[in-house]
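Have a look at the structure below before the remarks.
The values are calculated or read from the model by the stated rules, or taken from the named source; none is laboratory data. Only a predicted model underlies this, so the values are computations on that prediction, with no experimental measurement involved. Ideal geometry is used to build each Cβ from the backbone, glycine not excepted, and the neighbour counts take in all protein chains shown.
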Amino acid sequence: MAIVRSQQYVFEYANPRYLELFPDRELLGHSVLEIIPEAAEQGFIGLLDQVYLTGTSYYGKEVLLHIHRRDTGKTEEVYLDFTYQAFRENVQIVGISCFAFDVTELVRTRKKLETLTELLPPTAS
């Protein structure tokens, strides 16, 4: 879980599990755009804007995020189930709560199973 404040989406809070998604970055006190620029390139800032401006939550299922690992220089594919929900104080939207779950292994395992299933000979009815 993470909380970003203002329409600049500055990380105010991130729990240990959320921080594990970005182990090579210091999130707190930095904006999403500044610290995770690849998220903007992949449309995540647009989703945050949509939630911030409308107050309507956004639910993403098995959404692919390409994360550039600064420590290795490699790009990693991460699949996320996530919710962006408007964070309010005195009924005014002041930020976004993000609940994200890394489902990468689930997606990879399912894709492998689908590939193996396609390789099986058809069964007689």
Check on residue 102, over 17 Å from residue 4 (Cβ atoms), under 12 Å from the mean Cα position of the chain (by Cα) and touching a residue at least 40 places away in the same chain (Cβ under 8 Å): yes
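Can residue 118 be described as of a type outside the set (A, V, I, L, M, F, W, C), at pLDDT below 95 and more than 16 Å from residue 9 (Cα to Cα)?
Judged against the criteria, residue 118 is a match.
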The lone exception for residue 53 - which of (1) in a helix (DSSP H, G or I); (2) hydrophobic (A, V, I, L, M, F, W, C); (3) buried (at least 17 other Cβ atoms within 10 Å of the Cβ); (4) out of contact with any Phe, Trp or Tyr (no Cβ under 6 Å at 6 or more places or on another chain) it fails: (3)
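Yes/no matrix, rows are residues, columns are (1) farther than 16 Å from residue 49 by Cβ; (2) of a type in the set (Val, Ile, Thr); (3) modelled with pLDDT of 95 or more:
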position: 64; (1), (2), (3): yes, no, yes
position: 69; (1), (2), (3): yes, no, no
position: 72; (1), (2), (3): yes, yes, no
position: 78; (1), (2), (3): yes, yes, yes
position: 85; (1), (2), (3): no, no, yes
position: 97; (1), (2), (3): no, no, yes
position: 105; (1), (2), (3): yes, no, yes
Pair list, Cβ under 6 Å, 6 or more apart: the stretch 12-28 residue in contact (Cβ under 8 Å) with a residue 40 or more places away in the chain and hydroxyl-bearing (Ser, Thr, Tyr), other residue surrounded by fewer than 16 Cβ atoms within 10 Å (Cβ to Cβ) and in a loop (DSSP other than H, G, I, E, B): 18/1
